[in-house]
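Take a look at the structure below.
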Amino acid sequence: MTPYHEEENDNGKLFNKDLMRILFGYVLRYKKLLFLSVACVVVITAATLTAPLLGKIIFDRYIIKQGYVIDVSKLQLPRDKDVQKSLKKAVSLRQGNYFLFQSQAGFFSKKQIGEYKAVGLFSKEKYTLVESPSFIDDAARNKFRLCTTTGDIVAFGDSLYCIKDNALHRFTVKELVQIRKSDSGHVGLLVLFMLSLYTIQFLASYAQIVLLMRLSQYSMRDLRKDLFNHVLSLELAYFDKNPIGKLVNRVGNDIEALNEMFSSVLITLVQDILILAGITGIMFFVNIYLACAVAITFPLLVVVTMLFRIKARDAYRAIRTKLADLNAFLNENITGIRIVQIFVQQAKQFQKFTTINNELYAANIRQLYIYAIFRPLIDFCKWFAIAAVIFLGCRLLLGDMLSYGVVLMFIAYVGSFFEPIGDLSEKFDTLQSATAAGEKVMSVFNADCVKEYETGGAASGRSKAPANRFQGEIVFDDVWFGYAPGEWVLKGVSFSVNPHQMLALVGGTGSGKTTIISLLSRLYPIQKGKITIDGVDISAIELSMLRKNIATVMQDVFLFSRTLRENIILFNDLDRQRFKDVSAITHLDGFISRLPKRDEEPVMERGATFSAGERQLIAFARALYADPSILVLDEATSNIDTETEQLIQDAIRRLITGRTSIVVAHRLSTVQNANKILVLDKGCIVEQGDHASLLARQGMYYDLYKMQFSGV
């Protein structure tokens, strides 16, 4: 056995432009939700980028608060124009003096700072800025005044003071906290602002999830509806070539894969790209040295990501193939469970299942190893970048080229930078699955459909349909047809049927009998010739009207998993009296009376709990309830017992009264009363006439009759 599996997405692309165009065509129907989702993304991104910057400001501006005192009288232009620019961000102490924070001094090289100190532009020592000090007692105040007189604290007016680093140890922690009470207040306000920022980020994340889920569900609902509507309008030839399970998977699982891609990947991917770009830009703007230290990991990240993409794609493809094999095997064995058990094949089938299951297990284990190494490698790159930031940051701190807040900001940014990269494995899997699923959905949309299902009727200006109820005159005029180009199934078939007459089609298997009745209902388009009903070409008749006037009873009766009554009225409005009359005419009333729930009896899948004869009677009742002007019986009595056949023959006699009927039969006993019998062989009509004239001719019909009734 070669299990059926579908062709996977082998082009290696994560995005398909046509697929994205179709997908966003549905998404843009709900522009308001999309706009709000993007707005939430902007808020989340802004909060993510702002929080570490606030931490840096808190640490450098209000906690460490170290820097240099600048004496602008020593400023020489244009040589010191960079210093002049930095004064815009410095704190003005008094006329001619500014306090430059360590984070701002980091823009100058160690050599420049040394030169500025030498000429007196920068103070030789670093100071801690104190604004509006307060004291817990007189002892602390006196200690502060003493340091001012000794020069350890430099006063700039009544509210600004610069304390030398070596003077800080003279105060207790409690005194320092009180002295810098205004800084503590600013820190508290900024911390509250940061908490507010995180609260806004939380609310935006919640809103984004809700909006995205609604947007995605609305879009996929519309896509699923349109896809199912398209499936209903597909030409019958499409269903001849594609398994039913495949189409079910398109409308169900494949649409869900697209839903997951949009809701879990696309918008968050945009958010991740914005965060990565924002963090990279901020890091290079704040300190190019630390940014380059982080960027050392970029080449490794690119190589790891590319290798992961290639290996994961191959592993994913193998899993999809093996899973498709497993599903096909399960479907085949569960559907044919009776054959498996009757021929005692359970052990062999279990062995085959075990082989396929082990292959799927091996493919999953391979993917497991690939995913297991990717995340640790990303974590390794992250911790390597953090270690590089700490190492280089300490060296720059010792050289007075950096502040503590910048180091902490970079460490926070590194964590935020590598988090979306680590999530790439899950996003890749979702993208790969959704792209493959989307291409399969597109293949269904691209399949040819019956145009009138889309427009609601025959082509404009061509509809010349007979009255709502046809008289039933049928004419085939030199009809040629083939399911495949050049392989003719019907070859120049011509015949006519008068209204309310019975036409019988007989012949061997593959002679074209079923094809004729399929063409009558326009299930397939003919290549040559013409078919008319009541003198009107069927191609000019509105399709819904054509099929409303033709009812077909097939050999293999299909029953829906609904109630018996719904299977007869086919979801139309119930006419109780008409239902009773139909049941009586087709002899179905006796069968219904024996059922526990009468006509409300639930029908199991495909009517498995009913006999072939009972299913056939239900099909006759269904056809009669539709009240067609043309009745088609395709091998309707081939799989039933003699007793049921008698009931059906009586039902047929009642059914065909007042209708044009076409009967396809292998049992010639069912067509002896036909007004005209066509004998088909290899797509051609070789004989035609009534029963008596065909027997008298002693041709093919005679041979068929002789074989059936002489026991040969």
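The values are calculated or read from the model by the stated rules, or taken from the named source; none is laboratory data. Computed from a predicted model, the values in this text were never measured in an experiment. Quick reminder, even Gly has a Cβ in these numbers, built from the backbone with ideal geometry, and neighbours come from all protein chains shown. For the accessible areas, the whole protein counts, side chains as well, though only heavy atoms, and no ligand, DNA or RNA atoms are used. Shrake-Rupley method; radii C 1.70, N 1.55, O 1.52, S 1.80 Å.
Restricted to region 497-515, and to residues that are within 15 Å of GLN688 (Cα to Cα) and polar (S, T, N, Q), which residue is most open to solvent (accessible area, probe 1.4 Å)?
Out of the qualifying residues, it is ASN498.
Identify the residue in region 480-496 that is of a type outside the set (Ser, Thr, Tyr) and open to solvent by less than 60 Å² (accessible area, probe 1.4 Å) and, among all such residues, is modelled with the lowest pLDDT. Don't jump to the end; show me each part of the working.
As a first pass, look at region 480-496 and keep what is of a type outside the set (Ser, Thr, Tyr): 480-482, 484-493, 495.
Now drop any that are not open to solvent by less than 60 Å² (accessible area, probe 1.4 Å), which leaves 481-482, 484, 489-490, 492-493, 495.
Numbers: PHE481: 90, GLY482: 87, ALA484: 80, VAL489: 90, LEU490: 90, GLY492: 89, VAL493: 90, PHE495: 91.
Checking each candidate, the answer is ALA484.
Has region 294-311 got at least one residue that is touching a residue at least 40 places away in the same chain (Cβ under 8 Å), over 30 Å from GLY405 (Cα atoms) and polar (S, T, N, Q)?
Yes, some residue in region 294-311 is touching a residue at least 40 places away in the same chain (Cβ under 8 Å), over 30 Å from GLY405 (Cα atoms) and polar (S, T, N, Q).
For region 73-91, which residues satisfy the criterion of being over 13 Å from SER103 (Cβ atoms) and buried (at least 16 other Cβ atoms within 10 Å of the Cβ)? Please lay out each step first, then the result.
Kept after step one, since they are over 13 Å from SER103 (Cβ atoms), are these residues of region 73-91: 73-85, 87-88.
Residues satisfying the conditions are LEU75, ASP80, VAL83.
Do we find that ALA118 is over 30 Å from ILE267 (Cα atoms) and touching a helix residue (DSSP H, G or I) at 6+ places or on another chain (Cβ under 9 Å) in this structure?
Numbers: over 30 Å from ILE267 (Cα atoms): yes; touching a helix residue (DSSP H, G or I) at 6+ places or on another chain (Cβ under 9 Å): no.
No.
Residues to consider are ILE531, ILE526; find the one that is touching a residue at least 12 places away in the same chain (Cβ under 8 Å), part of a loop (DSSP other than H, G, I, E, B) and either touching a Leu at 6+ places or on another chain (Cβ under 8 Å) or open to solvent by 60 Å² or more (accessible area, probe 1.4 Å) (or both). Working first, answer last.
On the way: ILE531 fails: part of a loop (DSSP other than H, G, I, E, B).
ILE526 is the lone residue from the list that is touching a residue at least 12 places away in the same chain (Cβ under 8 Å), part of a loop (DSSP other than H, G, I, E, B) and either touching a Leu at 6+ places or on another chain (Cβ under 8 Å) or open to solvent by 60 Å² or more (accessible area, probe 1.4 Å) (or both).
Looking at LEU503, LEU543, LEU519, can you tell me which residue is touching a helix residue (DSSP H, G or I) at 6+ places or on another chain (Cβ under 8 Å) and of a type in the set (A, V, I, L, M)?
On the way: LEU503 fails: touching a helix residue (DSSP H, G or I) at 6+ places or on another chain (Cβ under 8 Å); LEU519 fails: touching a helix residue (DSSP H, G or I) at 6+ places or on another chain (Cβ under 8 Å).
Being touching a helix residue (DSSP H, G or I) at 6+ places or on another chain (Cβ under 8 Å) and of a type in the set (A, V, I, L, M) holds for just one of LEU503, LEU543, LEU519, which is LEU543.
Considering only residues of region 391-410 that are outside any helix (DSSP H, G or I) and among the small types (Gly, Ala, Ser), which is modelled with the highest pLDDT? Before the answer, list the steps.
First, the residues of region 391-410 that are outside any helix (DSSP H, G or I): 399-403.
From what's left, among the small types (Gly, Ala, Ser): 399, 403.
Working: GLY399: 76, SER403: 83.
Filtering first and then ranking leaves SER403.
In region 499-523, how many are charged (D, E, K, R) and in a helix (DSSP H, G or I)?
Filtering region 499-523 for residues charged (D, E, K, R) gives 513, 522.
Filter once more, so that each one left must be in a helix (DSSP H, G or I): 513.
Number of matching residues: 1.
Considering only region 678-688, I want to know if a residue exists there that is open to solvent by 40 Å² or more (accessible area, probe 1.4 Å), touching a strand residue (DSSP E or B) at 6+ places or on another chain (Cβ under 7 Å), more than 16 Å from VAL663 (Cβ to Cβ) and of a type in the set (Lys, Arg).
no
In region 544-596, which residues are buried (at least 16 other Cβ atoms within 10 Å of the Cβ), assigned to a loop (DSSP other than H, G, I, E, B) and more than 37 Å from the chain's Cα centre (by Cα)?
Result: ASN549, MET554, GLN555, THR586, HIS587, LEU588.
Among the listed residues ILE275, ILE267, ILE279, ILE255, identify the single one that is under 11 Å from VAL441 (Cβ atoms), part of a helix (DSSP H, G or I), open to solvent by less than 50 Å² (accessible area, probe 1.4 Å) and touching a residue at least 12 places away in the same chain (Cβ under 8 Å). Step through it out loud before you land on a result.
Values: ILE275 fails: under 11 Å from VAL441 (Cβ atoms); ILE267 fails: under 11 Å from VAL441 (Cβ atoms); ILE279 fails: under 11 Å from VAL441 (Cβ atoms).
Result of the check over ILE275, ILE267, ILE279, ILE255: ILE255.
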